[in-house]
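The structure appears right after this line, and notes come after that.
The values are calculated or read from the model by the stated rules, or taken from the named source; none is laboratory data. Not measured: the values here are computed from a predicted model. Cβ coordinates were reconstructed from backbone atoms using ideal geometry, including for glycine residues, and neighbour counts include every protein chain displayed.
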Amino acid sequence: MRTTDASRATTEAIDPASSDLDLRPTGDVLSTLLASQRRALDAVDAARPALERAVTAAASRLGGGDGRLVFVGAGASGRLAAQDGAELWPTFGWPAARLALVVAGGEKALLASVEGVEDDAAAARDDVDARGIGAGDVVIALAASGRSPWTCAWLKTARARGALAIGVANNADTPLLVAADCPVLLDSGAEVLAGSTRMAAGTAQKVALNLFSTTLMVRLNRTHGNLMVDMAAANAKLDARRVRLLQGVLPMLDEAAARTALAAADGWVKLAALIARGDAADSARRRLDAHSGSLRAALAALDEERATSGRGKS
């Protein structure tokens, strides 16, 4: 078992193989750093069973209510968490009321280092209370070291309030993983640049976040196949993308009909697909609600309703 002594944490180890890093040709430095990034991917691959458990538990908690998905971290880990969470509204239409991005030191810490805040466990506990974290919520907290007092206290307090607690760390046997219902170890190893956990550890965290949030949104019916049918962002480029996505759902639909349906649906691809198939907007909304937002199930229900209606008339 690995030691829990922070000074001997894997991510803090000094790798003697890279002690001459500054003397190497530039191409060799790049190759060495790239190899560490590949090791980060291997760490995420090894963590897939843990990520699967985390996604399954999170989908169960969030799918049946109105709980929040809360991303938590300090320093580089917090900025990575906030970046991933911020994409959930434009990509999947995940509502702002059901999302919280919490970084030690507040919003100013997203752009600059705020010293000392990651050691303030009391502030973390107060923040959990102030946000009213409860049993409907899912909290995913990240710390490369696995022992940031602020992050550990946030997750531990949230779990005590009934939230599902997911902890992501790059060192084994650490307080953050102990505090979690669903611990995820990303064993990315020693950094080429000793202790610079924005490198391999950060890459592993970002990849794990990509996998977790995207798979979670798939499980929560925020996609149709591999199509972003709940996307919410609006600009000219994305208007054209909406047309392509709608035609991906309904391949026989021409562009003019797709644009007409999207206009009637205020740009919501899911709703537009049902409208394009002849459903009324209000009926289509109710149909989606009745099938937990699954466009596939809603389309099947519409087809079944029409088939039943047709049999009744014959």
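Report those helices (runs of 4 or more DSSP H) wholly inside the stretch 255-314 carrying at least 3 residues which are touching a His at 6+ places or on another chain (Cβ under 7 Å). In the stretch 255-314, the matching helices (runs of 4 or more DSSP H) lie at 295-313. For the stretch 38-56, the candidate set comprises residues that are closer than 15 Å to Met217 by Cβ and in contact with a strand residue (DSSP E or B) (Cβ under 8 Å, 6 or more places away or on another chain); within that set, the residue that is surrounded by the most Cβ atoms within 10 Å (Cβ to Cβ) is Ala54. Cβ-Cβ contacts under 9 Å between residues 6 or more apart (or on different chains), taken from a first residue in the stretch 248-259 that is without any contact (Cβ under 8 Å) to a residue 40 or more places away in the chain and in the same structural domain as Ala276 (by TED's automatic domain parsing) to a second residue that is part of a helix (DSSP H, G or I) and of a type in the set (D, E, K, R), are listed as Ala258/Arg242; Ala258/Arg244; Arg259/Asp239; Arg259/Arg242.
Of the residues Ala109, Ala96, the single one that is more than 19 Å from Asn171 (Cα to Cα), aliphatic (A, V, I, L, M) and surrounded by fewer than 16 Cβ atoms within 10 Å (Cβ to Cβ) is Ala96.
Quick check: anything in the stretch 217-239 part of a helix (DSSP H, G or I) and in contact (Cβ under 8 Å) with a residue 60 or more places away in the chain? Give the derivation first.
Quick first cut of the stretch 217-239, residues part of a helix (DSSP H, G or I) only: 217-219, 236-239.
Applying the additional criterion that residues be in contact (Cβ under 8 Å) with a residue 60 or more places away in the chain yields 217, 219.
Scanning the stretch 217-239, I find at least one residue that is part of a helix (DSSP H, G or I) and in contact (Cβ under 8 Å) with a residue 60 or more places away in the chain, so the answer is yes.
Just to verify a result, which residue in the stretch 8-24, among those that are of a type in the set (Gly, Ala, Ser) and either free of Cβ contacts under 8 Å to residues at least 40 places away in the same chain or assigned to a helix (DSSP H, G or I) (or both), is surrounded by the most Cβ atoms within 10 Å (Cβ to Cβ)? Checked the stretch 8-24; the qualifying residue surrounded by the most Cβ atoms within 10 Å (Cβ to Cβ) is Ser18.
Counting the residues of the stretch 203-244 that are surrounded by 21 or more Cβ atoms within 10 Å (Cβ to Cβ), basic (Lys, Arg) and within 17 Å of Thr56 (Cβ to Cβ) gives 1. Please work out which residue is surrounded by the most Cβ atoms within 10 Å (Cβ to Cβ), limiting yourself to the stretch 77-93 and to residues that are touching a helix residue (DSSP H, G or I) at 6+ places or on another chain (Cβ under 7 Å) and of a type in the set (Gly, Ala, Ser). The residue in question is Ser77. The set of residues from the stretch 140-170 being buried (at least 24 other Cβ atoms within 10 Å of the Cβ) and farther than 14 Å from Ala104 by Cβ comprises Ile140, Gly146, Ala158, Leu164, Ala165, Ile166, Gly167, Val168, Ala169, Asn170.
In the stretch 118-151, how many are within 19 Å of the chain's Cα centre (by Cα) and free of Cβ contacts under 8 Å to residues at least 12 places away in the same chain? Total satisfying the criteria: 0. Look through the stretch 25-72, keep the residues that are in a loop (DSSP other than H, G, I, E, B) and touching a residue at least 40 places away in the same chain (Cβ under 8 Å), and return whichever of them is nearest to the chain's Cα centre (by Cα). In this case the residue turns out to be Arg68.
When Val70 is tested against (1) touching a strand residue (DSSP E or B) at 6+ places or on another chain (Cβ under 8 Å); (2) under 23 Å from Gly195 (Cα atoms); (3) crowded, with 22+ Cβ neighbours inside 10 Å; (4) not basic (Lys, Arg), only condition (2) is not met.
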